[in-house]
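The values are calculated or read from the model by the stated rules, or taken from the named source; none is laboratory data. Bear in mind the structure is a predicted one, so any value in this text is a computation, not a measurement. Counting neighbours? That spans all protein chains shown, and the Cβs are built from the backbone with ideal geometry, glycine included. Note: areas computed on protein heavy atoms with side chains; ligands, DNA, RNA excluded. Shrake-Rupley method; radii C 1.70, N 1.55, O 1.52, S 1.80 Å.
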Amino acid sequence: MSIIYVLIPIAILFVLIGIAIFFWAVRSKQFDDLDKEGFSILFNEKAKTPPAGNDASHEAGTSREP
Amino acid sequence: MLQQRCFHCHEPVPAAVDFHYDVLGQSQVFCCAGCQAVAETIVAQGLTDYYKFRSKAAAKANAVPEELKAQLHSYDSADVLQDLSQSVGDAQRIELSVSGMSCAACAWLIERQLQQNPAVQRVSVNSGTARCELIWYPQQAPLSQILGAVSQLGYQASPFVADQEEQHFQQELNAYLKRLAVSGIMTMQVMMLAFGLYFGEFSGIEAQYEGYLRWVSLLLTLPVMAYSALPFSSSAWRALKARELNMDVPITLALYYTFAASLYATVFDTGEVYFESVCMFVFLLQLGKFFEFRARKQARDATSNLLKVMPVSATLWDGSQGSPTSARRLKSGDHILVKAGEIIPADGVVQSGISSADESMLTGEYKAVAKQPGDAVLAGSINHDGILVVQVRSALTESRLGQIIALQQQTLHQKPALLEKTDRIARFFVQRLLIIATLTFSAWYFWIDPDRAFWVTLSVLVATCPCALSLATPTAITCALAQLNRQGILIKNQQVLDVLPQLSKIFFDKTGTLTQGRFSLSEVRVYHNALGKTELLALMAALEQQSEHPIARAFAPYYQQAVAAEQVSLTVGAGLSGVYQQQQVRLGSAAFCGLVPTDPRVADAQVCLSIAGELAATVQLSDQLRAEVPALMQRLQALRLKLAILTGDASAAAAAVATQLHISELWQGCSPEQKVSAISQAVKAGEKVLMVGDGINDSPCFHAAHVSVALDSGTELSKNQADVVLLHNNLQQLETLIAGARRAKRVVRQNLWWAALYNLVIIPLAVCGFVSPYVAVIGMSCSSLLVVSNSLRLLKA
C-alpha cells in the first residue's frame with residue numbers, strides 16, 4: 001500500500017498541469033466563443049493562405065489536440 | 001409547383017427572376033443578384049466548405065449600394081481611425097461589430113476571407129457576440145478595403161468601441177471560469193480520497209494511511225478555500241465591515257468553520273474531516289453563479305452597440321469639395337455635407353439643400369420632418385432624400401443626442417434601490433444561528449459534557465448549513481432566466497425577476513412600442529374607372545420603389561413585377577412622376593399631381609395619384625397599432641396593473657391611441673427630462689414601475705423605473721440600457737415575462753419554506769447531540785438537492 005505515497009503526489013502533479021493548461025486556455029480566449037471552436041474541426045485546412053496561414057493552422061491545431 | 005428557394009439565404013425565389021451559379025458541382029438558384037454575388041465570392045475564394053457545414057441559412061444579401069461603399073471610405077481618414085482603434089506596434093487593432101451573422105460557420109467564413117488579405121495580421125470573429133477583433137497594417141490596406149471584403153460576403157461590418165463595463169464583464173467571466181475549474185477539479189480529487197476514507201471507516205484502515213489521506217485532502221482543499229471561495233469571503237467581509245449581514249456571511253462562516261474543524265481533526269488526529277463537503281459546496285455555488293453571470297453577459301453583449309448610434313464620421317465641406325473627418329472633431333461653425341441616407345453627425349442649421357429627416361429616435365415623432373435652408377437639424381437623425389449642407393452649431397457632446405446620453409448616465413445611479421429579499425432572510429437566519437450555536441456550546445461545555453461541546457456545535461452548524469437557503473433563490477432565478485431566454489426574452493439584470501411579481505404600473509412609449517413606428521396604408525379610395533385597387537396600388541409601389549422616403553416603404557408589400565412604370569423621376573419634398581401605359585402618372589401631394597388642393601376628395605389625403613392629370617386614387621397613411629396590443633392591454637388591466645402612455649408625440653394621434661386602448665393616463669409631448677420626472681413621481685408614490693420603450697428619448701427614463709423593457713426593433717441605445725429586451729418584437733412577450741417572474745417567485749417561496757422546515761426539525765435534534773456530523777452532512781446534501789431539483793422544474797415550464 002505504501003505505493004500511494006508515490007502515486008498520489010504524481011496524480012497531484014498531473015492535476016496541477018491540467019489546471020495550468022486550463023488557465024492558459026482561458027487567457028488565450030479559447031472559451032470566448034464555444035460555437036466557432038466546435039466548427040473549426042469540420043473545415044479542411046487548405047494552405048491557400050500564405051501570409052496568415054501559419055497563424056491559422058497553429059490555432060486550429062491546438063484546438064484539435066484535446 | 002414546388003416553390004424554389006434561394007441557395008444562399010433559403011428565401012423563396014420570386015417567379016420572374018433567373019439567377020444561376022454553379023456551387024459544389026451543381027447549378028443552384030438564387031433569389032437576387034446580391035445573394036448570387038456572395039456565392040460567387042465564396043466559390044472564388046475556395047470557401048465552399050461554408051455551404052457544407054453551416055447550420056443556418058445566411059441572411060439575404062442585398063447588393064451594397066454605391067453610397068454605402070463611399071461611406072466606408074470615411075473610415076480611412078486618420079482622425080477617424082485614431083478615435084476608433086489602438087496602435088499595436090506598426091499595426092492597428094480595431095473591434096468591428098458584424099451584422100447578418102447567423103451561425104458559427106459565418107464566423108469562419110469572415111475569418112478566412114480576411115486572412116487572405118496580406119495586410120491583415122490577425123483576425124478573430126466571435127459568433128456569439130457578432131464581434132470581430134482585427135489587427136491589420138493600415139499602410140498596406142485601408143480599413144474600407146477590409147470592410148468592403150466583409151460586405152462582399154453579405155455581412156455588414158462597422159467599427160465599434162466596447163465600453164469599459166463590457167471589458168470588465170469579460171475579465172469577470174474569465175475569473176469565474178478559472179475559479180470553477182479549480183474548485184471542480186479539486187472536488188474530484190478530494191472526493192476520490194474521501195471514498196478511501198469512507199471505505200476505511202467500514203473495513204478498517206491503518207492509522208498512517210488515514211492520516212496521509214487526510215493531509216493530502218487538506219492540501220488539495222487549500223486552493224479551493226484560498227482561491228475559489230474568495231468571492232464569498234470578500235463579500236461577507238465587506239458586509240460585516242458595513243455592519244450588515246448578507247447571504248455570504250453564513251456561507252463563509254460554515255465554510256471556514258467546517259474547514260477549521262477538519263484542519264483541527266487532521267492536525268491532532270481526532271474527530272472527523274469534511275474536506276469533500278467544503279469543496280463540493282464551493283463548487284456548486286460557483287457553478288450556479290457562473291451560469292447566471294454568463295447568461296447576463298450574453299444578454300448584455302447581444303445588445304450593447306452603444307457607440308453605433310453616435311455618428312462616427314462626417315464630411316467637411318469647403319464650398320467646392322468634401323473631406324472626411326471624425327464627427328467628434330467637428331466644431332461650431334464648420335460646414336458639413338450630409339448625403340441621402342446618412343446619419344446627420346452634428347446639431348446645426350441647414351445652409352442649402354432640401355430634404356426630410358427622420359428624427360423619430362430622438363423625439364418619438366415618426367413622421368419625417370421637412371428640412372430646408374434655415375431649419376435646425378439634430379445629430380443622430382437620418383437624412384432621407386436630399387443632399388444637405390449644414391452649418392454645425394454645437395459639438396457632438398453638446399448636441400441634443402449628447403445631452404440625452406449624458407442625462408441617461410446621470411439617471412444611472414437613480415435606479416430605485418431594492419433590498420434583496422435573500423439578504424433580509426440571511427440577517428434573520430444568521431443572528432438566530434449564532435445565538436443557538438453559542439448557547440449550545442456553552443450548555444454542553446459547562447453543564448453536559450465538555451469533551452463533546454466542539455463536535456456538537458459543529459453538527460449544529462453543519463446541519464443548518466445555509467446551503468439550501470443560499471441555493472433557494474439563485475437556482476430558481478437562473479432557471480427562470482434560462483427559460484425566458486429560450487423564449488426570446490433577454491434579461492440583463494437579475495433583480496428584474498424579484499420586482500416583477502410586485503409590479504403595479506406600466507408606462508408605454510407610443511411610437512414604435514404600441515404602434516409599429518412606420519407608415520402603413522389605412523385607407524385607399526379609388527376614383528379611376530378602368531384600373532382596380534390592386535393595379536393602382538401596384539403602380540404606386542412601382543413608382544415608390546425609386547424613393548428612400550419612409551412613406552415609400554408603406555407601399556413595398558403591394559409591389560408586383562408585372563406593373564412597371566417608366567422614366568420615373570423624383571422631386572425631393574414633393575413626389576414622383578413617371579410614365580405608365582403611355583400616360584403621365586404623378587404620385588405625391590395634391591399640388592404636385594396638378595389637382596386643386598381644396599377639392600373635397602383630396603383635402604384629407606396624404607398621397608394622391610393622378611393619371612394623365614386626372615385623380616385616380618387617394619391614400620391615407622397612419623402609424624397603426626401593433627396587432628397584439630389591444631388584447632394585451634385588456635389582459636394586463638385584468639391583472640390589475642395601472643397602464644399609462646408616455647410619449648413625445650404632441651399630436652391628436654396620441655390621444656386617439658389612448659382612447660382606443662382605454663388607457664386613461666396619457667402624458668404627451670414629453671421631453672426626455674419630463675419622461676424621467678413622470679416616472680420618478682410614480683416611483684415616489686410607492687408604485688413598482690415598468691417602462692416599455694424603444695427610442696433614444698426613452699433611454700434616460702429606463703433607469704428611473706424599477707424595470708425597463710425594450711423591443712428588438714428599438715434603437716441600439718435603448719436596447720443597451722434596458723433591463724429586458726424582447727427579441728421577437730412582440731409585446732405579447734411582456735405577459736410571458738410577468739408570468740415567468742411570478743412562477744419563479746412561487747418556486748423561490750417553496751424552496752425557502754422547505755429550507756426553513758428542514759432547519760426547524762434538524763436544529764433541536766442537533767442541539768441535543770443526536771445528530772452525528774455524518775448524518776448532518778447527508779441531511780444537508782439532501783435538502784440542497786431537493787431545492788435544486790425544485791428549481792429545475794422552472795426549465796420545463
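With a cut-off of 11 Å between beta carbons, the residues surrounding B:Trp444 carry a summed charge of -1, where Lys and Arg count +1 and Asp and Glu -1. Charged neighbours of B:Ser664, selected by a Cβ distance under 13 Å, balance to +1 (K, R count +1; D, E count -1). Using +1 at the C-beta of Lys and Arg and -1 at the C-beta of Asp and Glu, which of B:Thr266, B:Gly402, B:Leu330 has the Cα lying farthest in the positive direction of the dipole of the protein assembly as shown? So the residue we want is B:Thr266.
Rounded to the nearest 20, the Cβ-based charge dipole of chain B about its Cα centre (Lys and Arg +1, Asp and Glu -1) stands at 2020 debye.
Can you send over the carbon and sulfur percentage of the accessible area for chain B, probe radius 1.4 Å, protein chains only? Taking all protein chains in place, chain B shows 56 percent carbon and sulfur surface. Helices meeting the span-like rule in chain B (full DSSP H runs, Cα extent of at least 27 Å along the helix axis, mean Kyte-Doolittle score of 1.6 or higher) are absent.
Normalised by residue count, the stretch B:534-661 yields a Cα convex hull volume of 138 Å³ per residue.
Pairs from the list B:Lys297/B:Lys642; B:Lys684/B:Lys745; B:Lys492/B:Lys688; B:Lys178/B:Lys492; B:Lys56/B:Lys297 with a Cα-Cα gap above 28 Å: B:Lys297/B:Lys642.
Taking 0.36 nm per residue of separation and subtracting the Cα-Cα distance, full extension of the segment from B:Gln139 to B:Leu666 would add 184.0 nm.
Across the stretch B:487-535, the fraction of Cα-Cα pairs farther apart than 18 Å, rounded to a whole number, is 66%. Working note: Debye formula, equal point scatterers on the alpha-carbon atoms of chain B, no solvent; log10 I(q)/I(0) at q = 0.05 Å⁻¹ is -0.37. Net length available on complete extension from B:Gln431 to B:Gln82 is 120.0 nm, with 0.36 nm assigned per residue and the Cα-Cα distance removed.
Each Lys and Arg adds +1 at its Cβ and each Asp and Glu adds -1 at its Cβ; summed about the Cα centre, the stretch B:575-645 shows a dipole of about 460 debye. Listed by chain and number, the aspartates and glutamates placed with their C-alpha closer than 12 angstrom to that of B:Lys289 are B:Glu172; residues fewer than eight positions away on the same chain are left out. Loop-located trypsin sites (Lys or Arg not before Pro) across the stretch B:174-259 with a Cβ neighbour count of 15 or fewer within 10 Å are B:Arg243, with loop assigned by DSSP. Summarise the long-distance tail of P(r) for the stretch B:689-794 by giving the % of C-alpha pairs beyond 17 Å. Tail of the P(r) past 17 Å holds 65 percent of the pairs. Ellipsoid semi-axes for the stretch B:524-579, based on the Cα gyration tensor and the rule √(5λ), read 18, 12, 12 Å when sorted largest first. For the stretch B:576-619, the normalised intensity computed at q = 0.33 Å⁻¹ comes to -1.22 (log10 of I(q)/I(0), Debye sum over alpha carbons, equal scatterers, no solvent). Global size of the stretch A:3-43: 15.6, 47 Å for Rg and Dmax (C-alpha atoms, Rg to one decimal, Dmax whole). Take the convex hull of the alpha carbons in the protein assembly as shown; its mean projected area over all directions comes to 44.9 nm². Equivalent ellipsoid of the stretch B:226-279: semi-axes from √(5λ) of the C-alpha gyration tensor, largest first, are 25, 11, 8 Å. Within the stretch B:160-255, the proportion of Cα pairs with more than 20 Å between them is 57 percent. Positive end of the dipole of the protein assembly as shown (Cβ unit charges, origin at the Cα centre): among B:Asn126, B:Ala254, B:Asn174, the Cα lying farthest that way belongs to B:Ala254.
Were the residues from B:Thr270 through B:Gln560 laid out at 0.36 nm apart, the gain over their Cα-Cα distance would be 95.5 nm.
Modelled this way, with points 7 Å down the Cα-to-C-beta line, the labels at B:Ala739 and A:Phe31 are 3.6 nm from one another. Annotation: the stretch B:604-724 has a Kirkwood hydrodynamic radius of 16.3 angstrom, from the mean reciprocal C-alpha pair distance. Electrostatic bookkeeping for B:Arg329 treats Lys and Arg as +1 and Asp and Glu as -1; over the other residues with beta carbon under 10 Å from its beta carbon, the sum is -1. For the stretch B:1-58, the spread of Cα positions along the three principal axes, ordered from largest to smallest, is 32, 21, 19 Å. Measuring max minus min along each principal axis, the C-alpha atoms of the stretch B:656-738 give extents of 30, 28, 24 Å (largest first). Under the simplified labelling scheme, the B:Gln546-B:Tyr445 pair shows an inter-label distance of 9.5 nm, with each label point 7 Å from Cα along Cα→Cβ.
The 1.4 Å probe gives accessible areas that order B:Lys684, B:Lys60, B:Lys331, largest first, as B:Lys684, B:Lys331, B:Lys60. Around the Cα centre of the stretch B:120-263, unit charges on the Cβ atoms of Lys, Arg, Asp and Glu (plus for the first two, minus for the last two) sum to a dipole of about 200 debye.
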